[in-house]
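The values are calculated or read from the model by the stated rules, or taken from the named source; none is laboratory data. The structure presented is a predicted model; accordingly, all values stated were derived computationally and were not measured. So basically every Cβ, Gly included, is an ideal-geometry build from the backbone, and we count neighbours across all protein chains shown. Surface accessibility is based on the protein's heavy atoms, side chains included, excluding ligands, DNA and RNA. Shrake-Rupley method; radii C 1.70, N 1.55, O 1.52, S 1.80 Å.
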Amino acid sequence: MDKQIQDTRNFLSKYLSKSKDYFDFNLMNKKEIRIIVDKENVNIGKSSDKGGKLRLWDGEKFLEEASTKYDIGTLEKNFDTLQSRKNLETVSNFTEIKVDKKKDVQNFITEEEKTLTLEEKTNKIKEIRDTVSKLDHVVNCRAAFIEEIEHHLFVNNYKDYYQDVIGKTLVVIAYIKASNGEIKMAYESVVSDNDQELFSTMLNSLGSIKESIQRKLNATKLKGGKYKAVLSPKISGLLAHESFGHGMEADTMMKGRALATKWSGKKVAEKNVSIVDYPNIEKKHGFFNFDHEGNLAKKTYLVKNGIISTPMADLYSKTKLDLGTSSNGRFESFDHKHYTRMSNTYFEEVDKELNEL
């Protein structure tokens, strides 16, 4: 943590602990590297996004000020601006913000292990591309490496949190040509927080890519109708995310766009079926220690023992709908609005044999 961030943190902690109004502040420094290679091209891109956002609850909604600067002078100016905006507006029905008032200070600092150079990473990806390209029936291979490093400070009237989040993803897509001339795709992905582990895991996964290629070549189109299906972990995770996750986002419920509102507390599956959203799974793409509203990572059961259970919520929708706490208040960038968003959404494991499933 650099000195400027620490100075900002010290100032905010003292200022907000004395404030009668609810404020929160997020400082985000995100860096990204993308390396994409295929049969003919190598594309390398770098990007960064750095800035802070201050919010004030006026009793009905959040007022916000975002800036790429976060020195004390800029923060004082943004505090004054938000107070002035609040004083100019009339709040017809004041609602107390539903926030945890327990004082807490925590650091989640990750010491990044020795990383490969950009050239070494590019050469590793080329090696994987060349290896997959030599497999039977493969006409092209695309490999993509994505590295995201996030330094994040959150401070409100009660919480003072800092975290480093490191995510590295490697994706390999093999384009294969079937006997009828149709082009199909075989896909493999690996997530880690360590370069060496990421590349070695992918190289060790080439056997599964071969199997996937063979399955694709032998696959036939299904006829229309109803089937009993046992899904792979990746597809069941996709089902949990798309079919249940989005329908359990409280900001969507507020707009009347979620069927789960009508099914709350009702049975939708067998009693051994539970669907969870949980950020704190290391080396997964949705990992974080706390969300962008200072909620420590926790399990949220969307479906518990077959029954529709707890919606995921951001602070605004939680307050308006009087919901319990979840760690799902997130934004895409420091100057974007907070929304309810998933992290790692999945079916919980159960001890069942294949014929039982």
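Computed extension length for Lys177-Lys3: 57.1 nm, one decimal, from 0.36 nm per residue of separation with the Cα-Cα distance subtracted. Cross-linked pairs Lys103/Lys299; Lys103/Lys267; Lys234/Lys318; Lys134/Lys216; Lys53/Lys114; Lys221/Lys299: Cα-Cα separations exceed 27 Å for Lys103/Lys267; Lys234/Lys318; Lys53/Lys114; Lys221/Lys299. Normalised by residue count, segment 9-144 yields a Cα convex hull volume of 212 Å³ per residue.
For Asn289, nonlocal amide neighbours, meaning residues 5 or more places apart or on other chains whose placed amide H falls under 5 Å from its own, do not occur. Taking all Cα pairs closer than 8 Å and separated by 6 or more residues, the relative contact order of segment 1-138 comes to 19 percent. For segment 236-272, applying the loop criterion from DSSP together with a ceiling of 13 other beta carbons within 10 Å to the GluC sites (Glu not before Pro) yields Glu270.
Model label sites at Thr68 and Lys234, defined 7 Å from Cα along the beta-carbon direction, differ in position by 3.8 nm. For a modelled paramagnetic label at Glu119, 7 Å from Cα along Cα-to-Cβ, the residues of segment 44-58 in reach, with backbone nitrogen under 18 Å, are 44-45.
Phi angles of segment 239-247 translate, via the Karplus equation with coefficients 6.51, -1.76, 1.60 and θ = phi - 60°, into HN-Hα couplings of 5, 4, 5, 7, 7, 10, x, 4, x Hz per residue; Gly and Pro are given as x.
Taking all protein chains as they are arranged and a probe of 1.4 Å, the heavy atoms of Arg34 leave approximately 100 Å² accessible to solvent.
Loop-located trypsin sites (Lys or Arg not before Pro) in segment 79-137 (DSSP state not H, G, I, E or B) with no more than 14 neighbouring Cβ atoms inside 10 Å: Lys101, Lys102, Lys103, Lys114, Lys134. Over the C-alpha trace of the chain, radius of gyration and Dmax come out as 23.6, 72 angstrom.
Placing a pseudo-label 7 Å from each Cα along the Cα-to-Cβ vector at Asn218 and Ile36 gives an inter-label distance of 3.3 nm. If you plug the beta carbon distance of Ser84 and Lys14 into 1/(1 + (r/R0)^6) with R0 = 22 Å, you get a FRET efficiency near 0.50. Taking Thr8, Thr220 and ordering them by how much accessible surface each has at a 1.4 Å probe, largest first, produces Thr220, Thr8.
As a length-normalised measure over Cα pairs under 8 Å and 6 or more apart, the relative contact order of the chain settles at 16 percent. Dividing the mean sequence gap of close Cα pairs (under 8 Å, 6+ apart) by how many residues segment 107-189 holds gives a relative contact order of 29 percent.
By accessible area, using a 1.4 Å probe on protein heavy atoms only, the chain has 49% of its surface on carbon and sulfur. Here the Gaussian network model covers the chain, with springs between Cα atoms less than 10 Å apart; of Glu147, Glu127, Glu40, Glu40 fluctuates the most.
Relative to one another, the C-alpha centroids of segment 96-160 and segment 280-304 are positioned 16 Å apart. How much accessible surface does Tyr187 have with a 1.4 Å probe, in Å² rounded to 10? The value for Tyr187 is about 120 Å².
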